[in-house]
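Engineer: Okay, here's the structure, questions in a sec.
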Amino acid sequence: MKLSKLKAPNTYFIISAVIVLVAVLTWIIPGGKYQTTVIDGREVVLAESFEYVAKNPQGIGDVLMAPIRGFVNAALIIGFVLIVGGSFAIFQQTRAVDAAIMAIVKAHKTSRILRILLIPIIMILFSLAGATFGMSEQVIPEVVHVAHLAPVGRRGKLGLRLVLCHGLTPVSIDATRPSSLTRPSASAARASG
């Protein structure tokens, strides 16, 4: 069989297979938990506090309910991604983004200052978006837009790096979530416990 004839399985099949596999593993892998404590208003896991607990094997009903529970638990993120994706679809249909990119391309050819500042400006914008409202899922459509830097003489990988490094990295230090500003070490967790 040639590799070109291989097709990736359907996404729903992959998700369903993972759910079933994890449910089967709940029957095999022993249950366990860590103790937690509150440090500076944040619940943290105590290192070396693992203990075995009774298994909680998942049955057919749990497998069937898993997607529903997943949608309910991630409803805010799903809604946000759909709204952002829909907004970008509208921008694509109106060709507003393409017009803005072409204006930048024209300005890039004539302005030495823009040639110097284009990458730092994009880095700052994505960093601010990542640090202020935790932009991570929303970065996905941006990869397509930053890939338009090719007409400016920039490689596609550069656009991908700009988005991923400066859009996702600040999410870990999201300034709008106090819990992300402090990350206590395991020794600090042990000392307080």
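The values are calculated or read from the model by the stated rules, or taken from the named source; none is laboratory data. What you see is a predicted model, and the numbers here were worked out from it, not measured in a lab. FYI the Cβ positions are ideal-geometry reconstructions off the backbone, even for glycines, and counts take in every protein chain you see.
Engineer: State the number of residues belonging to region 99-113 that are over 21 Å from ALA129 (Cα atoms) and either among the hydrophobic types (A, V, I, L, M, F, W, C) or surrounded by 10 or more Cβ atoms within 10 Å (Cβ to Cβ) (or both).
Structural biologist: Going through region 99-113 one residue at a time, the tally reaches 10.
Engineer: Pairs, please: C-beta under 6 Å, at least 6 apart or cross-chain, first residue in contact (Cβ under 8 Å) with a residue 12 or more places away in the chain and in region 91-117, second of a type in the set (A, V, I, L, M) and in a helix (DSSP H, G or I)?
Structural biologist: VAL105/VAL152; HIS108/LEU114; HIS108/VAL152
Engineer: Now for a separate question. Go through the residues of region 47-56 one by one and say whether even a single one is within 29 Å of ILE15 (Cβ to Cβ), in contact with a helix residue (DSSP H, G or I) (Cβ under 9 Å, 6 or more places away or on another chain), free of Cβ contacts under 8 Å to residues at least 40 places away in the same chain and not polar (S, T, N, Q).
Structural biologist: Looking for residues that are within 29 Å of ILE15 (Cβ to Cβ), in contact with a helix residue (DSSP H, G or I) (Cβ under 9 Å, 6 or more places away or on another chain), free of Cβ contacts under 8 Å to residues at least 40 places away in the same chain and not polar (S, T, N, Q), one finds at least one in region 47-56, hence yes.
Engineer: Identify the residue in region 58-95 that is more than 19 Å from ILE15 (Cβ to Cβ) and polar (S, T, N, Q) and, among all such residues, is modelled with the lowest pLDDT.
Structural biologist: GLN92
Engineer: Tally up the residues in region 50-91 that are among the charged types (D, E, K, R) and not in a helix (DSSP H, G or I), please.
Structural biologist: 2
Engineer: Here's something else I'd like to know. Scanning for something without any contact (Cβ under 8 Å) to a residue 40 or more places away in the chain, assigned to a strand (DSSP E or B), in contact with a strand residue (DSSP E or B) (Cβ under 6 Å, 6 or more places away or on another chain) and hydrophobic (A, V, I, L, M, F, W, C), does region 30-45 turn up at least one residue?
Structural biologist: no
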